[in-house]
1. Stretch residue A:1-residue A:107 to full length: gain in nm at 0.36 nm per residue minus the Cα-Cα span?
2. If you average the alpha carbon positions of segment B:1-79 and of segment A:220-235, how far apart do those two centres end up, in angstrom?
3. Compute the distance in nm between two label points, each set 7 Å from the Cα along the Cα-to-Cβ direction, one at residue A:303 and one at residue A:254.
4. Give the average, rounded to an integer, of partner chain Cβ atoms located within 10 angstrom of each Cβ in A:23-30.
5. Rounded to the nearest 0.05, what FRET efficiency do residue B:114 and residue A:227 have when you use their Cβ-Cβ distance and R0 = 41 Å?
6. Please arrange B:68, A:253 by how many other C-beta atoms lie within 10 Å of their C-beta, fewest to most.
7. Evaluate peptide B:69-82: per residue, the Cβ atoms of other protein chains within 10 Å of its Cβ; return the mean as an integer.
8. Taking R0 as 60 Å, what FRET efficiency do you get between residue A:247 and residue B:24 from their Cβ-Cβ distance, rounded to the nearest 0.05?
């Protein structure tokens, strides 16, 4: 299993250690050949993203969802995306303990992955890990972010169905939504539904949804009390309903096409970024930034057209079903 | 002033309308020639970034800082970076009212700018606007973000001195710091210092600072009550002390060199990003993402080496004075 061919054989034979090893290879930047070989096996899993502010109970929700899905005989892969900050590890370990009950279940594969740098974006290896779990045959792949920074939004580029969890009375629901999280939700989850402010949060979400001009799927709104498993069946029904809608309308193809484009863009730009660092380091001190960018780009045959707006367009299509973003 | 040459003449003559027009040109992607012409005039302003979670009182702090700086006879440029989400405008207009008292002061130039997409990163036009205000002769340029998403962190790439404002009793201070905000702070500001939890927040910040292995500047910790202007003199002293430290140690040159590299990288990658969109759109449906990225990159003479890790390294140097990030 130490050579790529042996790893691939073990992976295809369904050995969980091979899946773990394959993800590790992707994390260390040596996963290209594996993804290429296994990509034809992908596209079958139901991929679900879960995000929301810290403290909302995402790990408890994950645990309850896993239990619900396992009770139906489905296999599950879980990816927990952690920020790379040195301060978060203790807190996250505490959160992850809630997933512990599933660690001994051979049909639940749980993996923690770091986000990209401390800007918090999802690394390319996250998408690779989703592909690998999908190719391995997991029926459901759940991707959970800690809900800080860019990974919150990018999760919608990796998952077919995105859950945004909010908790009542936290006082920051509207402010969290400022960052664009409202627009990526396929399902809103009001967790801790026994909280006295739960109804108010639901009203708040509904009135904000009315401001958005949804073109197609209108997000479902589900209440849960994840600690007791309450409402988790309704949440799963909403996920399945969204998945059915994606398939029936052809939106799934468009969504995956967009996710594929996002992934190719990240790989291409990431590779270029690594290469242009060296070019930038060698630039003289007397250049303005536009002249410097032109010199760097000339090495790739690009002449002129340097603009501070170049990267606006590419981020504008995160959520095509919401008009006017 | 409608032609570039006339605009440049008016800009150099110190006409505020020319500064406004120049920033608008940068925002619409037509600012390259202006920046090139004016870049030799930059590097003189003291640039200060202000970030922190929503509700911490950043606009009030900004207003108090402006008043303090103006009382010393210095001119000020202010850039308010707003997220592009359709939900934030109302709230932000409310915040901005606190800056209103300075709108009639001809030596205070205030400009709101959108962040890049709803991922919340700073757009290249923000750095352009800082350069323009600097070249225009503003003594102090204050860049304020709403503290949501990536712009929080990126502000340290634009400003020489970064203030991170926190408020007592908000309950989310530690969680906000998860996102990497702690690492970019040159000065911590505990605003609303009359709050009963203010001392506890100070202790919390100090104990977290002890965990970081500062290599050089150790962030200052200042308490303010911005509504009444209390502590703002101390805050300004801390900013000046950091500026002096940057100059005396040569760290300013290294910092600006890093900021320059960040800006060139953003311009180069942004330009490439716009161009590769078309290439991606034309890719067939039967490719895996790595093969697709190789096809896209081959157009730029790049062969092989596509890796999901390519973009990790470039984000790793946001804060060189904190070891081990």
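1. Answer, rounded to one decimal: 36.1 nm.
2. So the two Cα centres are separated by 50 Å.
3. Using points 7 Å along Cα→Cβ, the separation is 3.9 nm.
4. For this peptide, the per-residue mean of nearby foreign Cβ atoms is 2.
5. For residue B:114 and residue A:227, the calculated efficiency is 0.55.
6. Least to most surrounded, the residues fall as A:253, B:68.
7. Counting Cβ atoms of other protein chains within 10 Å of each residue's Cβ and averaging gives 0.
8. 0.85
Readers should treat all values here as calculations from the given coordinates under stated rules, not as data from a laboratory. Keep in mind it's a predicted model, so treat the numbers as computed, not measured. As a convention, Cβ positions derive from the backbone with ideal geometry for all residues, glycine included, and neighbour counts pool all protein chains shown.
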